[in-house]
Amino acid sequence: MNATAAAAAADRPATPSDLYLRCMRWVFLFFNSTRLFAYLPTIVTLWQQHGSNQHSLITWLVFAGANASMAAWLYEEHGRRLDRAIVVSIGNAVMCLTTALLIIALR
């Protein structure tokens, strides 16, 4: 939402659509922020077992690329401004890349 649209929205009462979008934004942030911690068991298991044969490098690289491209797309869509969704997408890309690098290191 750009600054003009945000200012116009602030001048009128919230509609059901506004409330729905606000709710969806928080749901997105909740699940995608939680996902940052969901990578840790895989990373810890890889590290403890010193082996990565059961993990697909391609899958983790695709996940990293998907999260990075989502962050880039959101950045462009939001007028080249950072917001929480972009930061969370970058965090997910970093965690996927970390997992991929660990898989490479342990092969």
Item to check | Residue, farthest from residue 47 (Cα to Cα), within region 75-104, restricted to residues that are in contact with a Lys or Arg (Cβ under 9 Å, 6 or more places away or on another chain) and not small (Gly, Ala, Ser) | outcome: 75
Next on the checklist: Any residue in region 1-29 that is over 26 Å from residue 71 (Cα atoms) sitting within a Cβ distance under 6 Å of a residue that is surrounded by fewer than 10 Cβ atoms within 10 Å (Cβ to Cβ) and at pLDDT 80 or above? List the pairs, counting only those 6 or more apart or interchain.
Outcome noted: none
Next on the checklist: What are the pairs with Cβ atoms under 9 angstrom where one residue, in region 71-95, is among the polar types (S, T, N, Q) and the other, located anywhere, is exposed (fewer than 15 other Cβ atoms within 10 Å of the Cβ) and at pLDDT 95 or above? Sequence gap at least six, or different chains.
Outcome noted: 89/69; 89/72; 89/73; 92/66
Checklist entry - If you go through region 46-55 one residue at a time, do you hit one that is at pLDDT 90 or above, surrounded by 10 or more Cβ atoms within 10 Å (Cβ to Cβ) and of a type in the set (Gly, Ala, Ser)? => result no
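The values are calculated or read from the model by the stated rules, or taken from the named source; none is laboratory data. These numbers come from a predicted model, not from an experiment. Cβ: placed from backbone, ideal geometry, glycine included. Neighbour counts: every protein chain shown.
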